[in-house]
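The values are calculated or read from the model by the stated rules, or taken from the named source; none is laboratory data. Since the model is a prediction, treat every value here as computed from it, not as a measurement. Here the Cβ positions follow ideal geometry from the backbone for every residue, glycine too, while neighbour counts run over all protein chains shown. All accessible areas refer to the heavy atoms of the entire protein, side chains included, with ligands and DNA or RNA removed. Shrake-Rupley method; radii C 1.70, N 1.55, O 1.52, S 1.80 Å.
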Amino acid sequence: GNSVTQMEGPVTLSEEAFLTINCTYTATGYPSLFWYVQYPGEGLQLLLKATKADDKGSNKGFEATYRKETTSFHLEKGSVQVSDSAVYFCALGNSGGSNYKLTFGKGTLLTVNP
Amino acid sequence: EAQVTQNPRYLITVTGKKLTVTCSQNMNHEYMSWYRQDPGLGLRQIYYSMNVEVTDKGDVPEGYKVSRKEKRNFPLILESPSPNQTSLYFCASRDTGGREQFFGPGTRLTVL
C-alpha cells in the first residue's frame with residue numbers, strides 16, 4: 001500500500017537558517033505529492049504540490065522537487081522566518097479504486113527562533 | 001469565499017453520548033472526506049464520499065458513521081463516543097478530477 005515517511009521532529013532553527021525536511025514515499029502508479037502546513041491552532045493549508053516526476057512545487061519561498069528515482073519530495077527553504085513556525089505534513093495523493101485519498105506522514109514540528 | 005466549514009470547533013463530551021460534527025463546503029465539490037489527526041500518527045482517513053448517497057470506509061472507520069444526503073454536507077456521527085475517539089477531526093473536499101483537497105478548520109473533540 002501507500003506510505004509516507006517524513007523526518008522526525010521537532011526541528012528548531014534560528015531565523016534565516018536553511019531548512020530541509022525530508023520526505024520519502026512508497027506508492028503504486030503515479031501519485032501526486034503535497035506539502036501541507038498547519039499553523040498553531042489552525043487547519044491544514046496546502047503549501048505546494050507536484051503532480052508528476054521532476055515537477056518542482058514552490059510557494060512562499062518553499063520548494064520541493066518530485067524525484068521518482070529516489071521516491072522523495074524533500075521540502076526546502078533558504079531562509080526561514082519566525083512566522084514559518086508550524087507543523088509540516090508531507091502527503092501522497094493516489095487513486096485507490098474510487099477513493100482519491102491523501103496518505104500523510106506523521107508531521108514535523110518546526111520552531112524558528114528570532 | 002470558497003471554504004469548508006466545520007461545527008463545532010471544540011467539543012467536550014462524555015462516553016456514550018451521541019454527537020454529530022457537521023461539515024459543509026460551498027465549492028460544489030463531489031468528493032468529501034473525514035480525517036482524524038493524532039500525535040505521532042499524522043492524519044488518517046475515516047470515511048469518504050464520492051457523491052450524494054455514495055459513502056465508503058477509509059482506514060479507521062470503526063465507531064463512526066457518515067451520511068451524504070446533499071452535495072454540500074457531510075456530517076460525521078459518533079453514535080456512542082469513547083475516550084479513544086478523542087482527537088482533532090478534519091473534513092476535506094475535492095473537485096472531481098482535481099488533486100488538491102481543501103480542508104476545514106478542524107474540530108477538537110474530547111471524550112471523557
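Is one or more of the residues making up the stretch A:3-26 touching a residue at least 12 places away in the same chain (Cβ under 8 Å), within 14 Å of chain B (Cβ to nearest Cβ) and among the acidic types (D, E)? Yes; the residues of the stretch A:3-26 include at least one that is touching a residue at least 12 places away in the same chain (Cβ under 8 Å), within 14 Å of chain B (Cβ to nearest Cβ) and among the acidic types (D, E). Of all the listed residues (A:L19, A:L44), the sole one being at pLDDT below 95 and surrounded by 13 or more Cβ atoms within 10 Å (Cβ to Cβ) is A:L44. Selection of the stretch A:30-55 for residues being in contact with an Asp or Glu (Cβ under 9 Å, 6 or more places away or on another chain) and at the interface with chain B (Cβ under 9 Å from one of its Cβ atoms) yields A:S32, A:F34, A:L46, A:K49.
If you check B:S80 against the conditions, is it crowded, with 19+ Cβ neighbours inside 10 Å, modelled with pLDDT of 95 or more and over 11 Å from the mean Cα position of the chain (by Cα)?
Working: crowded, with 19+ Cβ neighbours inside 10 Å: no; modelled with pLDDT of 95 or more: yes; over 11 Å from the mean Cα position of the chain (by Cα): yes.
For B:S80, the condition - crowded, with 19+ Cβ neighbours inside 10 Å, modelled with pLDDT of 95 or more and over 11 Å from the mean Cα position of the chain (by Cα) - is not met.
So for the stretch B:41-53 (the condition being outside any strand (DSSP E or B) and either more than 9 Å from chain A (Cβ to nearest Cβ) or in contact with a Ser or Thr (Cβ under 6 Å, 6 or more places away or on another chain) (or both)), does at least one residue qualify? Within the stretch B:41-53, one or more residues are outside any strand (DSSP E or B) and either more than 9 Å from chain A (Cβ to nearest Cβ) or in contact with a Ser or Thr (Cβ under 6 Å, 6 or more places away or on another chain) (or both). Show the residue pairs that are 6+ apart or on different chains and have beta-carbon atoms under 7 Å apart, the first residue being within the stretch A:75-93 and at pLDDT 95 or above, the second being in a loop (DSSP other than H, G, I, E, B) and among the hydrophobic types (A, V, I, L, M, F, W, C). That search, which allows pairs on different chains as well, returns A:G78/A:F18; A:V80/A:A17; A:C90/A:F73. Number of residues in the stretch B:12-41 that are crowded, with 16+ Cβ neighbours inside 10 Å and either closer than 28 Å to A:L109 by Cα or among the aliphatic types (A, V, I, L, M) (or both) equals 9. Apart from one condition, A:V87 fits all of (1) away from every other protein chain (no Cβ under 12 Å); (2) aliphatic (A, V, I, L, M); (3) within 12 Å of the chain's Cα centre (by Cα); the exception is (1).
The number of residues in the stretch B:54-74 that are over 18 Å from A:A91 (Cβ atoms), open to solvent by 50 Å² or more (accessible area, probe 1.4 Å) and within 14 Å of chain A (Cβ to nearest Cβ) comes to 4. If you filter the stretch B:83-99 down to residues that are in contact with a strand residue (DSSP E or B) (Cβ under 6 Å, 6 or more places away or on another chain) and assigned to a loop (DSSP other than H, G, I, E, B), you find that the one that is modelled with the lowest pLDDT is B:R99.
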